[in-house]
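Engineer: Before we start, here is the structure in question, set down as structure tokens.
The values are calculated or read from the model by the stated rules, or taken from the named source; none is laboratory data. This structure is a prediction, so every number in the text was calculated from the model and none was measured. All Cβ positions, even for glycine, are placed from backbone atoms using ideal geometry, and neighbour counts span all protein chains on display. Only protein heavy atoms, including side chains, enter the accessible area calculation; ligands, DNA and RNA are left aside. Shrake-Rupley method; radii C 1.70, N 1.55, O 1.52, S 1.80 Å.
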Amino acid sequence: MDYDILINTAPIDKLINETKLCLPLNIVHNKVFIVGVGLELPMTEFCETITWLYFPDPAVPFYRISFHSRYGEVTPDNTKYWSVMCECAREADDPITEEEIRNQAVEGLILKSIITREKIVSLYSKTLNYGYPIPTIERDNEIARAHAVLEPLDIYSRGRFGGWKYEASNQDHCFIQGKELADRLFLDIPEKLYKTGLPEKRG
Ligand SMILES: Cc1cc2nc3c(=O)[nH]c(=O)nc-3n(C[C@H](O)[C@H](O)[C@H](O)COP(=O)(O)OP(=O)(O)OC[C@H]3O[C@@H](n4cnc5c(N)ncnc54)[C@H](O)[C@@H]3O)c2cc1C
């Protein structure tokens, strides 16, 4: 495919593996299992004032749960139902199955008195093979090594896994990364948020 400027938002390790523009990158990510539980109202009372909770607790598989039904009308009928979303992180090569995690998440929600089993009306799960880009000591050098071969070809890799810098890739950061890259390419304004590790080349 011909291009003038190519902006990549796919994981940068995949881009390098598929284009073979340099040796594979030594960078680390994990995977995340999403487990959604639909429940009959009423909500567990103490959840009524909470939008999300963190669990630094190995007794449960999730590190965070969110009550999406409290964010607006995102359950099929919010006069009858409410919902909980669990995020469960594992190393990328962890052999645990989605079904095992789904069962563990339900048991964890019951253990923490978030839900009761008899109120469950639906279960949903999804595996995100790319969950979090994990910062490591080697990361900045490895990412710079990739940008050093990509940018001379006018390929710019940005975003959560495109840029692989967790500390600068929340939703708000990703919007800023996109805007600042466009400003750099078209208006010659240097990027402030995302650092490639290369001397800056203007638009
Ligand atoms: C587990 C998890 C937790 C999160 N927690 C938070 C949080 O607490 N706060 C927060 O603000 N945000 C959070 N996020 C959201 C995340 O930060 C946003 O999704 C972020 O905006 C990502 O933007 P992006 O443009 O890089 O990626 P995306 O919006 O995912 O865009 C990438 C695009 O690239 C495309 N793509 C990927 N691979 C290929 C390919 N091979 N070929 C062609 N196209 C491809 C995809 O289809 C997609 O359109 C979380 C995300 C995850 C997965």
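Engineer: Quick one: length gained pulling Asp188 to Thr79 fully straight, 0.36 nm per residue minus the C-alpha distance?
Structural biologist: Computed gain between Asp188 and Thr79 is 34.0 nm.
Engineer: Another question, then. For segment 29-128, which whole-number percentage of the solvent-accessible area (1.4 Å probe, protein heavy atoms only) is attributable to carbon and sulfur atoms?
Structural biologist: 53 percent
Engineer: Further question on the same structure: Provide, for segment 1-118, the number of lysine pairs with alpha carbons under 29 Å apart, each pair being eight or more places apart or on different chains.
Structural biologist: Summing the qualifying lysine pairs gives 4.
Engineer: Give me the angle, in degrees from 0 to 90, between the Cα long axis of helix 139-150 and the longest principal axis of the Cα atoms of the chain, rounded to the nearest 10.
Structural biologist: Taking Cα atoms only, the helix is inclined about 50 degrees.
Engineer: Right, something else. For segment 29-128, what is the accessible area per residue in Å², given a 1.4 Å probe and the full set of protein chains? Each step should come with its number before you reach the end.
Structural biologist: On the way: 5610 Å² over 100 residues.
With all protein chains present, segment 29-128 gives 56 Å² per residue.
Engineer: So what is the relative contact order of segment 38-89, in percent, for Cα pairs below 8 Å that sit 6 or more residues apart? Display every interim value, and only then the final one.
Structural biologist: Values: 81 pairs, mean separation 22.0, N = 52.
Computed value for segment 38-89: 42 percent relative contact order.
Engineer: Dipole magnitude of segment 29-128 about its Cα centre, charges +1 at Lys/Arg Cβ and -1 at Asp/Glu Cβ only, in debye to the nearest 20?
Structural biologist: Roughly 160 debye, rounded to the nearest 20.
Engineer: Same structure again: Report the FRET efficiency, 1/(1 + (r/R0)^6), for Arg90 and Lys112, where r is their Cβ-Cβ distance and R0 is 22 Å, rounded to 0.05.
Structural biologist: With R0 = 22 Å, the Cβ-Cβ based efficiency is 0.70.
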